[in-house]
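Shown next, in structure tokens, is the structure this report addresses.
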Amino acid sequence: MNNSVGNTGRMLWAALRALLVLTVVTGVIYPLVVTGIAQAAFNNKANGSEIKSGGKVVGSELIGQTYNLPMKDGEETATPDLKWFQPRPSNGLGSNGVNTQYSIILSGATNRSGDNEDLITWVKDAKAAVIKDNSTADYKVKPSDVPAEAVTSSGSGLDPHISPEYAKLQVHRIAEKNNLTVAQVDKLVADHTDGRILGFIGEPRVNVLQLNIALKELTKG
């Protein structure tokens with residue numbers, strides 16, 4: 001009887017010691033080591049790939065943002081602020097009209113099939129809006145010019161990038177709204193177009209937040 005109780009006590013003490021050691025190793029030491037390595041070697045990525053403007057964090061290069069006018073009384077949906085480059089459509093994007101603050105509302109895809117009537121209507125309406133918003137006195141957008149991502153959201157609803165084609169489609173409108181030349185805005189897009197990863201993975205892309213920060217700096221000058 002005493003031997004049984006003693007053995008049980010030793011086993012419990014051994015288990016408790018193992019629990020304490022593993023807790024310290026895996027719950028304290030390992031996280032601290034990994035965090036230290038991440039901060040030293042990948043500081044920006046470890047902190048959320050933050051993007052700064054004017055010395056302030058204005059967002060992450062991994063999460064998209066919308067650029068809308070302040071909503072007026074009675075409005076149910078925000079109106080795009082057309083002096084900025086516009087991202088992919090998505091109800092999941094946070095609002096950031098002046099590049100100074102950001103908040104995530106929700107994220108996710110529409111989960112509707114390609115032949116869903118609501119989705120078809122949304123895409124048609126979005127395409128008509130892209131054509132109308134980006135046509136100027138000397139530049140008319142054709143329906144065939146509108147790329148797919150201009151009228152569809154990403155799977156996560158938070159895609160921060162658009163294609164160079166969609167960015168270029170917005171150039172004339174941006175130039176007109178900001179009193180810039182088309183050549184100036186064209187160069188801005190070219191300077192902020194990222195190529196394929198390692199030269200062959202993915203597609204060329206433009207980060208909308210970084211592009212709009214550069215646009216803001218250009219209009220200041």
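Structure data summary
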| item | result |
| --- | --- |
| Enumeration of residues in segment 125-138 that are part of a helix (DSSP H, G or I) and either of a type in the set (A, V, I, L, M) or touching a residue at least 24 places away in the same chain (Cβ under 8 Å) (or both) | 126, 127, 128, 129, 130, 131, 133, 134 |
| Close pairs (7 angstrom Cβ cut-off, 6 or more residues apart or separate chains): touching a residue at least 40 places away in the same chain (Cβ under 8 Å) in segment 163-180, crowded, with 19+ Cβ neighbours inside 10 Å and not in a helix (DSSP H, G or I) anywhere | 163/205; 164/206; 167/85; 167/206; 170/85; 170/86; 174/85 |
| Residue within segment 88-107 that is within 22 Å of the chain's Cα centre (by Cα), closer than 22 Å to residue 173 by Cβ, surrounded by 11 or more Cβ atoms within 10 Å (Cβ to Cβ) and at pLDDT 85 or above present | yes |
| Selected residue [surrounded by 12 or more Cβ atoms within 10 Å (Cβ to Cβ) and modelled with pLDDT under 85] from 7, 47 | 47 |
| Tally of residues being in a helix (DSSP H, G or I) and within 30 Å of residue 213 (Cα to Cα) across segment 36-52 | 8 |
| Options 166, 139; residue that is closer than 21 Å to residue 90 by Cβ and among the aromatic types (Phe, Trp, Tyr) | 166 |
| Odd one out for residue 80 among (1) surrounded by 11 or more Cβ atoms within 10 Å (Cβ to Cβ); (2) out of contact with any Phe, Trp or Tyr (no Cβ under 9 Å at 6 or more places or on another chain); (3) closer than 27 Å to residue 178 by Cα | (2) |
| Number of the condition not met by residue 19 [criteria: (1) loosely packed, with under 14 Cβ neighbours inside 10 Å; (2) within 30 Å of residue 122 (Cα to Cα); (3) of a type outside the set (Phe, Trp, Tyr)] | (2) |
| Check on residue 68, at pLDDT below 75 and under 18 Å from residue 178 (Cβ atoms) | no |
| Whichever residue in segment 119-172 is among the acidic types (Asp, Glu) and more than 21 Å from residue 193 (Cβ to Cβ) and, among such residues, is surrounded by the fewest Cβ atoms within 10 Å (Cβ to Cβ) | 138 |
| Candidate set: segment 53-80, residues that are in contact (Cβ under 8 Å) with a residue 60 or more places away in the chain and in a loop (DSSP other than H, G, I, E, B); chosen: the one farthest from residue 205 (Cα to Cα) | 67 |
| Top-ranked residue of segment 139-172 - restricted to ones that are in a helix (DSSP H, G or I) and of a type in the set (Gly, Ala, Ser), ranked as nearest to residue 189 (Cα to Cα) | 167 |
| Qualifying residue in segment 187-197 (condition: part of a loop (DSSP other than H, G, I, E, B), charged (D, E, K, R) and loosely packed, with under 13 Cβ neighbours inside 10 Å) | yes |
| Condition met for residue 183 (more than 22 Å from the chain's Cα centre (by Cα), surrounded by 17 or more Cβ atoms within 10 Å (Cβ to Cβ) and in the same structural domain as residue 139 (by TED's automatic domain parsing)) | no |
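The values are calculated or read from the model by the stated rules, or taken from the named source; none is laboratory data. This one's a predicted model, so the numbers in the text were calculated from it and none came from an experiment. All Cβ positions, glycine included, derive from the backbone under ideal geometry; neighbour counts span all protein chains shown.
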